[in-house]
Structures are given as structure tokens and as C-alpha cells.
Amino acid sequence: NAGVTQTPKFRVLKTGQSMTLLCAQDMNHEYMYWYRQDPGMGLRLIHYSVGEGTTAKGEVPDGYNVSRLKKQNFLLGLESAAPSQTSVYFCASSYSGRLGSLYEQYFGPGTRLTVT
Amino acid sequence: KNEVEQSPQNLTAQEGEFITINCSYSVGISALHWLQQHPGGGIVSLFMLSSGKKKHGRLIATINIQEKHSSLHITASHPRDSAVYICAVRSGTASKLTFGTGTRLQVTL
């Protein structure tokens, strides 16, 4: 199993350009998440999904859109990139399981995005 | 005030030392996670706990729900333990996590 993979690993964009980050997991997890990690700050949740066809906003959703057309894939889109979106982006997935059960999140390797 | 506070922010230790990293949180939680992030950037889950204590090798995690506090201990530290250790709490729906800013640990020979 590959676990959680992210594409691309690095990207440089100019202000105003658009791009899509792809997250894929092969563990049949229901839950998927997109986070961003900035220096001096903890990981912050951008958007998440509790199942195929569903998405929801997290803590910092502005400037991003997401889609979950297939259970194994979770896409993060930047329609018009801004320098404030320079960050490292992590995708994660988790099994939902029974109510009250504990399941860990599995993280992808990250995508380093620079917007100039 | 952040919902999840970690201390210290930075820690340098000599090989063999006993290390403690602390995490305090201000919200009701269903679980607390300890994660490790190596210099290459990858994040792995170390522990997930909702009460008591867990041990894995040289790592021990404890949580006190009443005091809203958790500790991560590393016994007989080794340079390969050098990493950023992140505390995260789970609350609300969809198992969403709120993260601390991390503790950067450097273990020297």
C-alpha cells in the first residue's frame, strides 16, 4: 500500500495563477483533510470531507476549493493564487469507524507551494 | 490564546537524557494525538489517547483529562529522536484535529 500520496511535491506559481493539488489514499478511508503548515503556527485545517461527494470548510477555507468525486481522491484548488498562500500543504486521511472509536490520521508527504 | 499550547518550543538534550514535552489544551476533547515530524517534513502518528498512559518503545504518553494536560516522555534519548513533536486534540465532528505549534527537539552526542 502506498498510503497517502500527494502530487506535486513542489510548485512555484505566480500571483493570479491557478493550480490543483491532488491527494490520493489507498486505505479506503472515509475522512480526508487538507491542512496548511506555516512557520510558527500549527497545522491548520483548510477543508475536509467525510465521504465521497461531501466537503466542508475548516478553519482557513478562504481562497481554496475542494472536491471529492472519488472516495480515494481529495483535490485542493487555488483559483487565483496569492503570496499569502505560500505554505506547505498536507493531506491526511482517517477511518471513520464506530462512534467513540479512536482512529489515527495518516499524512501525505506534503506539497511545498511558493507564490511569487 | 491558542486552544493547544506546547512547551517548550525548543529543546536541546544530550544523548541518553530523559525528555519531557508538555501539552495543555483549553477545550473538551475526545482524544489527544502526539505526532512526529522529521526534518524531511513527513508527519507520523506516535500516540492517540483519551485517558491514562501509553508506551511504545522508549516513548511514553500520558494524559490527565481533568487537568487538560498531556506529556510526551522520551527515555534514553538518541540523535535519531531529533524532530518536531506535535500535540493535537480531537474535538467536534469528523475527527477534526487542532494542532499545537510543535516542540523542536535536538539530541546531540
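Scan the range B:17-109 for chymotrypsin sites (Phe, Trp or Tyr not before Pro) in coil per DSSP, keeping those whose Cβ has at most 15 other Cβ atoms within 10 Å, and list them by number. Those that pass, being in a loop and sparsely packed, are B:F18. Using a 1.4 angstrom probe on protein heavy atoms only, the contact between B and A buries about 1500 square angstrom of accessible area, both sides summed.
What do the square roots of 5 times the Cα gyration tensor eigenvalues come to for the range B:16-56, in whole Å, largest first, as semi-axes of the equivalent ellipsoid?
On the way: eigenvalues 82, 45, 26 Å².
Values for the range B:16-56, descending: 20, 15, 11 Å.
Taking all Cα pairs closer than 8 Å and separated by 6 or more residues, the relative contact order of chain B comes to 37 percent. Springs between Cα atoms under 10 Å define the GNM used for chain A, and in it the highest mean-square fluctuation of A:V60, A:V88, A:V50 occurs at A:V60. Suppose R0 equals 25 Å; then what is the FRET efficiency for B:K54 and A:T86 from their Cβ-Cβ distance, rounded to the nearest 0.05? According to the calculation, E is roughly 0.10.
Which whole-number value in Å³ per residue fits the convex hull of the alpha carbons of chain B?
Values: hull volume 10.3 nm³, N = 109.
In chain B, the Cα convex hull volume per residue is 95 Å³.
In the elastic network of chain B, a GNM with C-alpha springs shorter than 10 Å, the most mobile of B:G92, B:G16, B:G28 is B:G92.
P(r) for the protein assembly as shown, from all Cα pairs and a bin width of 5 Å, is 1, 7, 14, 18, 19, 16, 12, 7, 4, 1, 0 %, short bins first. With a cut-off of 8 Å between alpha carbons and a minimum separation of six or more residues, what is the relative contact order of the range A:1-98 in percent? Relative contact order for the range A:1-98 comes out at 35 percent. Diffusion coefficient (Stokes-Einstein, Kirkwood radius over C-alpha pairs, 10 °C, 1.306 mPa s) for chain A: 112 µm²/s, rounded to a whole number.
One Cα centroid belongs to the range B:8-42, the other to the range A:17-45; the line between them spans 21 Å. Mean per-residue shielding of peptide B:88-98 is 6, counting Cβ atoms of other chains within 10 Å of each Cβ.
Rolling a 1.4 angstrom probe over the protein heavy atoms, how many square angstrom per residue are accessible across chain B? Please list the in-between numbers first.
Values: 5210 Å² over 109 residues.
About 48 Å² of surface per residue is accessible.
The values are calculated or read from the model by the stated rules, or taken from the named source; none is laboratory data. Everything numeric in this text was worked out from a predicted model, so none of it was measured. Every residue, glycine as well, gets a Cβ built from its backbone with ideal geometry; the counts of neighbours run over all protein chains shown. Just the protein is used for accessible areas: all its heavy atoms, side chains included, with ligands, DNA and RNA removed. Shrake-Rupley method; radii C 1.70, N 1.55, O 1.52, S 1.80 Å.
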